[in-house]
Ligand SMILES: Cc1cc2nc3c(=O)[nH]c(=O)nc-3n(C[C@H](O)[C@H](O)[C@H](O)COP(=O)(O)O)c2cc1C
């Protein structure tokens with residue numbers, strides 16, 4: 001019996017990843033209505049915008065869904081470093097017919113310092129809340145738990161997963177290095193073993209009592225079956241949903257994802273200030289030339305990243321976008337979210353029965369030998 005699915009109340013072991021700026025209430029509702037768990041990412045939204053997104057999911061679904069928060073350490077401004085980074089980006093702005101911003105701001109408030117968002121969540125009580133980039137303080141966790149909310153948190157290592165278990169979180173998202181979008185590392189300046197999804201999922205299944213949700217590079221039912229075979233209770237797919245009509249991805253991002261460009265992805269800090277996996281483009285190339293320590297802190301660097309992309313788009317250039325995608329992005333499909341979930345389910349069932357069939361044939365062969 002799958003304790004995680006029972007606890008939350010969904011029937012398929014498929015979670016649509018929260019993707020701030022890309023996943024939408026319509027996407028989350030479609031996935032939850034199809035038996036999976038839909039998610040909205042509100043890490044980049046203020047409390048009232050997030051409340052509106054929760055209401056929009058509820059208007060389209062009465063099923064459980066997940067609300068995702070960023071728990072990064074609030075940024076420490078470093079004006080000389082920010083000015084040097086803007087000077088570095090200035091030629092690109094000028095070439096695109098724009099001026100770089102005069103200065104950079106911390107464009108999102110981390111949940112760890114956002115009392116308004118906590119209050120809103122305690123009033124709205126979504127069934128599930130998940131944390132990325134670390135954990136909030138114990139009091140915030142206790143308040144959400146006391147409100148009956150099921151809590152999930154991302155880990156990229158055994159250490160982070162152990163901290164998640166010790167904090168009383170209900171399940172851990174094992175995010176492999178293959179994953180698209182921001183790596184959920186607690187401390188972006190700490191050494192990183194860059195564990196892949198198979199290694200990390202299996203390690204956490206064996207070492208933790210908590211249910212494990214595998215994430216990173218999973219694009220179809222065979223990938224889901226493989227993760228269930230590793231002992232994962234569910235899987236979380238992000239890139240697989242980016243090209244759905246319900247996604248907020250812009251035309252340039254969709255085109256890159258659905259072209260051979262998505263055969264190449266790169267982990268870069270240049271766009272936002274934290275490591276994130278992106279389709280190789282002009283921005284990731286620029287990042288590869290940046291000296292270590294040049295990029296300002298997250299999310300201050302993202303202020304510059306978004307401004308450069310806005311300037312590029314105005315000039316008809318799509319290659320400066322935050323085109324987040326995992327290593328298997330080239331397998332992305334452009335299907336309505338409900339159709340995609342139905343296909344993932346039937347592929348998963350086929351993969352599991354193929355596996356059983358092959359084992360049976362092998363056993364027969366051995367008996368006959
Ligand atoms: C476009 C995009 C945006 C993402 N935004 C978030 C986010 O806001 N919060 C979060 O916890 N994870 C986010 N992620 C990471 C996913 O939760 C997940 O770890 C990842 O998508 C799994 O790898 P895959 O993309 O290969 O499926 C994002 C991923 C993508 C592709």
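If you take the square roots of the eigenvalues of the alpha-carbon gyration tensor of the stretch 159-218 and sort them as a ≥ b ≥ c, do you get rounded (a/c under 1.5), prolate (a/b over b/c) or oblate?
On the way: a/c = 1.70, a/b = 1.21, b/c = 1.40.
Taking the square roots of the gyration eigenvalues as a ≥ b ≥ c, the stretch 159-218 is oblate.
Which of 265, 154, 339 ends up with the largest GNM mean-square fluctuation for the chain, with Cα atoms connected below 10 Å?
It is 339.
Taking the Cα-to-Cβ direction at residue 58 and at residue 349 and moving 7 Å from each Cα, how far apart do the two end points lie in nm?
It works out to 3.4 nm between the two label points.
Tell me, 73, 183, 95, 345 in order of fewest to most beta-carbon neighbours within 10 Å?
Values: 73 16, 183 23, 95 12, 345 19.
Ordered by Cβ neighbours within 10 Å, fewest first: 95, 73, 345, 183.
Ratio of the stretch 218-315's C-alpha Rg to 2.2 N^0.38 Å, to two decimals? Intermediate results must be reported in sequence, preceding the final value.
Values: Rg = 16.0 Å, N = 98, 2.2 N^0.38 = 12.6 Å.
Relative to the rule-of-thumb radius for its length, the stretch 218-315 sits at 1.27.
With labels modelled as points extended 7 Å from the Cα through the Cβ direction, what inter-label distance (nm, one decimal) is found for residue 124 paired with residue 260?
In this crude label model, residue 124 to residue 260 measures out at 4.3 nm.
Would you mind classifying the stretch 100-234 by shape? Square roots of the alpha carbon gyration tensor eigenvalues, ordered a ≥ b ≥ c; an a/c under 1.5 is rounded, otherwise it is prolate if a/b is larger than b/c and oblate if not.
Details: a/c = 1.85, a/b = 1.28, b/c = 1.45.
It is oblate, given that a/c is not under 1.5 and a/b is not larger than b/c.
By the gyration tensor of its Cα atoms, with a ≥ b ≥ c the square roots of the eigenvalues, what is the shape of the stretch 100-168: rounded for a/c under 1.5, prolate for a/b over b/c, or oblate? Can you show the working numbers first?
On the way: a/c = 2.59, a/b = 1.32, b/c = 1.97.
Verdict is oblate for the stretch 100-168.
Say we join alpha carbon atoms closer than 10 Å with springs in a Gaussian network model of the chain; which of 326, 305, 184 then has the biggest fluctuation?
305
For the pair residue 6/residue 146, report the inter-label distance in nm, with labels modelled 7 Å from Cα in the Cβ direction.
Distance between the two pseudo-spin positions: 2.8 nm.
Per residue Cα convex hull volume for the stretch 258-343, in cubic angstrom? Let's see the in-between values first.
On the way: hull volume 9.8 nm³, N = 86.
Considering the Cα atoms of the stretch 258-343, their hull volume per residue is 113 Å³.
Roughly speaking, what is the stretch gain from residue 290 to residue 90, that is 0.36 nm per residue apart minus the C-alpha to C-alpha distance, in nm to one decimal?
Values: separation 200, 0.36 × 200 = 72.00 nm, distance 1.38 nm.
In short, 70.6 nm is gained.
Grab the beta carbon distance between residue 359 and residue 139, set R0 = 30 Å, and tell me the FRET efficiency rounded to 0.05.
Working: r = 50 Å, r/R0 = 1.66.
Efficiency computed from Cβ-Cβ geometry: 0.05.
Tell me the Kirkwood hydrodynamic radius of the stretch 38-180 in angstroms, computed as one over the mean inverse distance between distinct C-alpha pairs. Before the final figure, lay out each step's value.
On the way: mean 1/r = 0.0585 Å⁻¹.
When all Cα pairs of the stretch 38-180 are included, the Kirkwood radius is 17.1 Å.
Expressed in nm², what is the orientationally averaged projection area of the convex hull enclosing the Cα positions of the chain?
Details: hull surface 76.9 nm².
For the chain, averaging the hull's shadow over all directions gives 19.2 nm².
Which number do you get for Rg(Cα) / (2.2 N^0.38 Å) in the stretch 173-269? Can you show the working numbers first?
Values: Rg = 14.5 Å, N = 97, 2.2 N^0.38 = 12.5 Å.
Taking the Cα Rg and dividing by 2.2 N^0.38 Å, one obtains 1.16.
Quick check on the stretch 108-227: of the DSSP beta bridges with both residues there, what percent are antiparallel, nearest 5%?
Values: 0 of 12 bridges.
The antiparallel proportion sits near 0 percent.
We did not get these values from a lab; they are worked out from the coordinates using the rules stated. Keep in mind it's a predicted model, so treat the numbers as computed, not measured. When we count neighbours, we look across all protein chains shown, and the Cβ atoms used for this are built from the backbone with ideal geometry, even at glycine.
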